[in-house]
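The values are calculated or read from the model by the stated rules, or taken from the named source; none is laboratory data. What you see is a predicted model; the values in this text were computed from it and never measured. Counting neighbours? That spans all protein chains shown, and the Cβs are built from the backbone with ideal geometry, glycine included. Heads up: the accessible areas ignore ligands, DNA and RNA and are worked out on the full protein's heavy atoms, side chains in. Shrake-Rupley method; radii C 1.70, N 1.55, O 1.52, S 1.80 Å.
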Amino acid sequence: MEEDLIRQDIDQAGTKNGTNHKPGAPRKPICDLLDPRYDICEISGDARTMGTNRTILYVPPVGERGLADDSHEWSIRDQSRKYLEYINKVTVRSLDAQAAPGCTSRHAVPAVVFAMNGLTSNPWHDFSDVLIPLFITTRVYEGEVQFLVSDLQPWFVDKYRLILTNLSRYDIVDFNQDSGVRCYPKITVGLRSHRDLGIDPARTPRNYTMLDFRLYIREVYSLPPAGVDIPFKESSMQRRPRAMLINRGRTRKFVNFQEIAAAVVAAGFEVVPVEPRRDLSIEEFSRVVDSCDVLMGAHGAGLTNFFFLRTNAVMLQVVPWGHMEHPSMVFYGGPAREMRLRDVEYSIAAEESTLYDKYGKDHPAIRDPESIHKQGWQFGMKYYWIEQDIKLNVTRFAPTLQQVLQMLRG
């Protein structure tokens with residue numbers, strides 16, 4: 001289980017996971033530095049923060065002093081992707097009470113220290129790197145926890161305020177600017193993360209799933225509860241199913257967007273065209289997504305709005321050229337299915353990629369995508385994620401639209 005963290009500093013008589021920890025042995029911080037995705041430390045007892053120094057102190061009780069090396073310390077990145085080298089580290093240190101600074105404030109609830117920077121500003125990374133790990137780590141507290149945020153991003157707090165204030169009933173502390181010494185009964189440094197945009201129920205305190213997370217997000221934004229059917233079936237009026245058509249603003253955008261929108265209408269849908277913006281109000285936009293039966297777009301961050309869809313709604317992902325089926329499934333298709341959404345994928349032909357006109361049919365990017373990927377991730381990124389736009393063949397695409405229509409009517 002995730003909670004059985006490795007006690008890095010246990011004495012030789014103890015076991016690796018601390019299950020044979022003897023009464024009277026030092027209760028030092030419990031740190032797990034072995035997970036490939038994240039590092040995490042948990043400090044219980046007298047835990048103190050020195051935000052401007054990016055330091056967390058553990059002060060052992062009187063009975064433990066002299067039983068251990070009080071100078072033991074760890075430095076970890078408090079972000080769910082610990083391989084990001086530009087994330088500043090937080091130091092966790094054991095220190096005798098005589099040397100420890102006095103408390104300037106005392107708190108009755110636990111605290112969690114985590115970073116808001118990294119790859120955030122892309123909605124997929126906002127959820128995958130911060131919000132889902134934060135849910136995994138803190139949902140069990142039911143709001144009785146305080147967030148100490150290193151490298152605080154004001155735009156992130158504003159954008160996701162409803163989620164943050166639901167997970168914690170207490171003011172967010174700008175950890176880097178906090179000059180006081182806060183004392184807590186427990187501090188967790190770092191966030192648990194199981195996989196990209198995913199949750200492993202076996203590693204969560206209450207067996208949380210991605211379905212639980214989607215339903216939680218819908219509750220936070222006051223969307224209809226789980227038992228409410230998709231809008232097309234819920235409506236008492238005869239109407240067309242509603243499809244939100246996302247047009248990316250830069251890479252992998254639909255160059256014939258209007259033609260695609262017309263084809264979706266001709267197939268029997270009502271179309272809601274959207275160009276996502278960073279300043280979009282999630283409160284308002286979540287209600288628009290909830291009113292749709294289908295979320296359609298090219299592989300990319302706009303599809304992260306599937307959290308606001310109802311159970312049995314359809315995510316229609318247009319998969320770009322270049323052997324992109326695997327990342328499309330891992331990043332969106334798989335999570336959609338785990339959340340009880342219906343996942344449909346349309347893989348474009350080479351001729352539907354703007355790379356075909358730019359480089360010609362004999363270029364390796366068109367003729368042999370696997371050879372591009374074998375050169376390294378940066379080459380696949382260059383061609384298939386960054387340079388590529390999509391000119392959808394609406395005739396070839398028509399059967400996929402009919403497939404979705406039949407799903408909704410079934």
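Qualifying trypsin sites (Lys or Arg not before Pro) in the stretch 255-325, where qualification requires a DSSP coil assignment and no more than 16 other C-beta atoms within 10 Å, comprise R277, R278. Note on exposure: W377, W155 ranked by accessible area (1.4 Å probe, complete protein assembly) read W377, W155, with the most exposed listed first. Ratio of Rg to Rh for the stretch 308-410: 1.03 [Cα atoms; Kirkwood radius as inverse mean 1/r over pairs]. One quarter of the convex hull surface built on the alpha carbon atoms of the stretch 153-297 amounts to 12.6 nm², the projected area averaged over directions. Would you mind getting me the FRET efficiency between S235 and T91? Use the beta-carbon distance for r and R0 = 60 Å, nearest 0.05. After rounding to 0.05, the efficiency reads 0.60.
Within the accessible area of the chain, the carbon and sulfur atoms contribute 50%, probe 1.4 Å, all protein chains present.
Taking 8 Å as the Cα distance limit and 6 or more residues as the minimum spacing, I'd like the relative contact order of the chain as a percentage. Intermediate values should be presented prior to the final figure.
Details: 801 pairs, mean separation 54.3, N = 410.
It comes to 13 percent, rounded to a whole number.
I want the local charge near T120. Using Cβ-Cβ distances under 9 Å, sum +1 for each Lys or Arg and -1 for each Asp or Glu among the other residues.
In short, -2.
Sites listed here are trypsin sites (Lys or Arg not before Pro) in the stretch 47-148 whose DSSP assignment is loop and whose Cβ has at most 15 other Cβ atoms within 10 Å: R65. Taking all Cα pairs closer than 8 Å and separated by 6 or more residues, the relative contact order of the stretch 238-409 comes to 25 percent. For the stretch 238-409, the fraction of C-alpha pairs more than 24 angstrom apart is 34%. Calculated over the chain, the projected area of the Cα convex hull averaged across directions stands at 22.3 nm².
What's the FRET efficiency of R161 with T209 using the Cβ-Cβ distance as r and R₀ = 25 Å, to the nearest 0.05?
Numbers: r = 25 Å, r/R0 = 1.00.
Approximately 0.50, to the nearest 0.05.
With the simple spin-label model, which puts each label point 7 Å out from Cα in the Cβ direction, the L280 to A349 separation comes to 3.1 nm.
Once both axes come from the Cα atoms, what is the angle between helix 394-409 and the longest principal axis of the chain, in degrees from 0 to 90, rounded to 10? The answer is roughly 70 degrees. The angle between the Cα long axis of helix 210-220 and the main principal axis of the chain comes to about 90°, on a 0 to 90 degree scale. The GNM of the chain, with springs linking C-alpha atoms under 10 angstrom apart, assigns the highest mean-square fluctuation among V145, V289, V173 to V173.
Fully extending the segment from D171 to R409, taken as 0.36 nm per residue of separation minus the present Cα-Cα distance, adds 81.0 nm.
Pairs to check: K89/K382; K358/K382; K89/K186; K159/K233. Give those whose C-alpha atoms are more than 25 Å from each other in this structure. In this structure, K89/K382; K159/K233 lie more than 25 Å apart at Cα. A simple spin-label model places the labels of Q402 and Q258 2.8 nm from each other, with each point 7 Å out along Cα-to-Cβ.
If R0 is taken as 30 Å, the Cβ-Cβ distance between Q378 and E270 corresponds to a FRET efficiency of 0.15.
Here is the list for the stretch 184-228: trypsin sites (Lys or Arg not before Pro) lying in DSSP coil, each with at most 10 other C-beta atoms within 10 angstrom of its C-beta, are R206. Close amide H partners of A313, meaning residues 5 or more places away or on another chain with modelled amide H under 5 Å apart, are R342. Rounded to the nearest 20, the size of the Cβ-charge dipole of the chain about its Cα centre is 500 debye, with Lys and Arg at +1 and Asp and Glu at -1. Taking amide H as placed 1.01 Å from N in the peptide plane, N256 has its amide H under 5 Å from the amide H of L392, each at least 5 places away in sequence or on another chain. What's the whole-number percent of alpha carbon pairs in the stretch 90-231 lying beyond 18 angstrom? Cα-Cα pairs of the stretch 90-231 separated by over 18 Å account for 60 percent. Taking all protein chains as they are arranged and a probe of 1.4 Å, the heavy atoms of E325 leave approximately 80 Å² accessible to solvent. For the stretch 212-275, rounded, prolate or oblate, judged on the Cα gyration tensor with a ≥ b ≥ c (square roots of eigenvalues), a/c < 1.5 rounded, else prolate if a/b > b/c? Verdict is oblate for the stretch 212-275.
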